[in-house]
Amino acid sequence: MEATDKIWLNGRFDDWKEARVHVLTQALHYGAGVFEGIRCYETAEGLAIFRLDDHIDRFFFSGRCLNIKVPFSKNEIKSAILETIKINRLKECYIRPIAFFGYGSMGLSVKGAPVDVAVAAWPWKYHLSHSIGLKTKISKYIRPDPRSVDIRAKVCGYYANSIFATIEAEQSGVDEVILLDNKGYVAEGPGENIFVVKNGIIYTPALGSILPGITRDSIIKIARDLKFKVIEKKLKPDELKKADEVFFCGTAVEICPVISINGRKVGDGRQGFITLKVKEGYNKLVTGQNKKYKKWRAYVNE
Ligand code: PMP
């Protein structure tokens, strides 16, 4: 990863190399932390963070799910994010706030445990294959059962599931896997939500067993603005395999077409027309060319 100068840690800036925590940090052992992934884009009106308020809200919501009381207000975290971008003189970048149980108590009870909060930001473009198209397969792993965890939260520990899935992808020679839910319906990728196109209609798994992605929400809105019909429903793996187009979406990956599933081409094995239209719409949205959603952009220099 590309290092920058400073990382915000517990209210002050440390040098990138010095932003450390103790090896007995509770979250390192048990995954009891929550985080966000946010992107900042160049627009005609200057650098703008996309849907900052929504990411901050989800960050605090995730914290509440795990009894993490973030020792800063939403406004303070927002300022920390803006300052991190400015102090590092960043342009387009990826932003990573994290709050976690720190050093001082060990074990599974987090009562009274100290909470650490950090904000880092760095330039992070995704690999080209993500824009051309991904070869995928359905994973042998399932997403966490919503009765096992609060799946709406973005909790560090859940990403062990995503890492198992990514190891599986690497070992099977595909770019990414698609995970089903506990009932056998299509859920999402290890770090992305998923959309399927069939006969001109766009489908996406209903909420319940997936992370309620902010990109997913943006896509549903802009696709409807583009006059596409979008339906949220339980999707069977067969509907996925027989789709005309499939694409992943998420803050980090943005929008990337899926060109094969289990060795079988999706559509004609290239990015489909509706995926392209949605991608263009999303690009206009994040780069400030779509005036309708101005409220979704937080300008860094305002
Ligand atoms: N699902 C999972 C499991 C993720 O990790 C992510 C990335 N945060 C997403 C979906 C997409 O969420 P968002 O669009 O809010 O980045």
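The values are calculated or read from the model by the stated rules, or taken from the named source; none is laboratory data. Since this is a predicted model, take the numbers as computed values, not measurements. With ideal geometry, Cβ positions are generated from the backbone for all residues, glycine too; neighbour counts draw on all protein chains shown. Each accessible area value is taken on the protein alone, full model and side chains, heavy atoms only, with ligands, DNA and RNA left out. Shrake-Rupley method; radii C 1.70, N 1.55, O 1.52, S 1.80 Å.
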Item to complete: Scan (1) open to solvent by less than 10 Å² (accessible area, probe 1.4 Å); (2) at positive phi for the single condition G33 breaks and write down its number.
Response: (2)
Worksheet entry | Among residues of region 238-263, those that are in contact with a strand residue (DSSP E or B) (Cβ under 6 Å, 6 or more places away or on another chain) and more than 11 Å from the ligand (Cβ to nearest atom), counted | 13
Response to the item:
Scanning region 78-87 residue by residue, those out of contact with any helix residue (DSSP H, G or I) (no Cβ under 9 Å at 6 or more places or on another chain) and open to solvent by 10 Å² or more (accessible area, probe 1.4 Å) turn out to be S79, E83, K86, I87
Item to complete: Would you confirm whether any residue within region 265-285 is closer than 24 Å to D53 by Cβ and either more than 16 Å from the ligand (Cβ to nearest atom) or open to solvent by 70 Å² or more (accessible area, probe 1.4 Å) (or both)?
Response: yes
Worksheet entry | region 166-189: number of residues that are over 16 Å from the mean Cα position of the chain (by Cα) and either outside any loop (DSSP other than H, G, I, E, B) or farther than 15 Å from E239 by Cβ (or both) | 12
Worksheet item: Quick one: is I214 within 11 Å of the ligand (Cβ to nearest atom) and either modelled with pLDDT under 95 or among the hydrophobic types (A, V, I, L, M, F, W, C) (or both)?
Response: yes
Practice prompt. State all residues of region 182-207 that are within 13 Å of the ligand (Cβ to nearest atom) and either at positive phi or surrounded by 18 or more Cβ atoms within 10 Å (Cβ to Cβ) (or both); if no residue qualifies, say none.
Written response: V186, A187, E188, G189, P190, G191, E192, N193, I194, F195, T204, P205
Discussion item. With the requirement that a residue be open to solvent by 20 Å² or more (accessible area, probe 1.4 Å) and farther than 21 Å from P237 by Cβ, what does region 208-221 give you?
Written reply: P212, D217, K221
Worksheet item: Would you pick out the residues in region 97-135 that are in contact with a Ser or Thr (Cβ under 6 Å, 6 or more places away or on another chain) and either modelled with pLDDT of 95 or more or closer than 30 Å to D175 by Cα (or both)?
Response: G102, Y103, V119, A121, W122, K135
Worksheet item: Would you say I138 is β-branched (V, I, T), over 30 Å from T4 (Cβ atoms) and either at pLDDT below 95 or more than 13 Å from the ligand (Cβ to nearest atom) (or both)?
Response: yes
Worksheet item: Where residues in region 144-175 are within 13 Å of the ligand (Cβ to nearest atom) and open to solvent by less than 20 Å² (accessible area, probe 1.4 Å), which of them is nearest to A118 (Cα to Cα)?
Response: V155
